[in-house]
């Protein structure tokens, strides 16, 4: 409907909840990390693809905005938008929502790097992977830029200044 | 020695390691999340302080830079620098290192918000907490700005443009 990829679906587990009774900040990123695994499955870097190419994906940088608390047992999903890529880097935006529902729970921008696991060292995407990224990017490039992409952290007084 | 707070010490556990055999991206943030708990203990928001004030701290925004892989079993520590605060917000920078050693494994900037758990809604820091933050800030304000603070995510071609 939105043109975004669904890259992870699941339920918030008791072991992810903190002393405040809601999803601990780090476990939002775990769901987004699983979503990146889900994206890898869709671009030919699933386990078979990783074996065939000797490549994997490392996260270089990540930015998260926490919008709503999430309680244990809630069914959630991650939607993914491609923001850009070059020969060996992939910039994506994940958003966490209640399953089949619109409210935004958190947003997460990631910069990912293709690596040859024989090093590990960075290396260009395998041709078949690069082609899939290009096709996805063509589908996503007309989508609006997500609200929480491109952010840096600052106190309100610093932003105002 | 550096003037930074040590806010977490521990060892990388097997359940934090991904299919590449190293600490999964989300679990770096778990260590930084534990470090924020450690900081809370040092500013009067430990369990007793949370009960007495009815306050807690929510993470609003976080930015992580991944610098080195970390293998299972490695002893690591988190060092914390105060970057700023206002009446109800706290901006901190955590860095992950091998225990008692200088190499940087990852950096994490966080914006934290003081909340009244009766809402939850944001609320000014309790006076004793605010005073501790001011004292820490006075100690940290002459420290150099961390390399990975204030970042936003972009492809190299975007930065060059």
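A few remarks follow.
- Candidates B:51, B:71: the one that is touching a strand residue (DSSP E or B) at 6+ places or on another chain (Cβ under 9 Å) and surrounded by fewer than 20 Cβ atoms within 10 Å (Cβ to Cβ) is B:71.
- Residues that are out of contact with any helix residue (DSSP H, G or I) (no Cβ under 7 Å at 6 or more places or on another chain) and either part of a strand (DSSP E or B) or at the interface with another protein chain (Cβ under 9 Å from one of its Cβ atoms) (or both) within the range B:1-18 comprise B:6, B:9, B:10, B:11, B:17, B:18, listed in sequence order.
- Of everything listed in (1) within 19 Å of residue A:137 (Cβ to Cβ); (2) crowded, with 17+ Cβ neighbours inside 10 Å, the single unmet condition for residue A:107 is (1).
- Boolean, residue B:21 is modelled with pLDDT under 95 and facing chain A (nearest Cβ under 10 Å): yes
The values are calculated or read from the model by the stated rules, or taken from the named source; none is laboratory data. Since we're looking at a predicted model, the values are computed, not measured. Quick reminder, even Gly has a Cβ in these numbers, built from the backbone with ideal geometry, and neighbours come from all protein chains shown.
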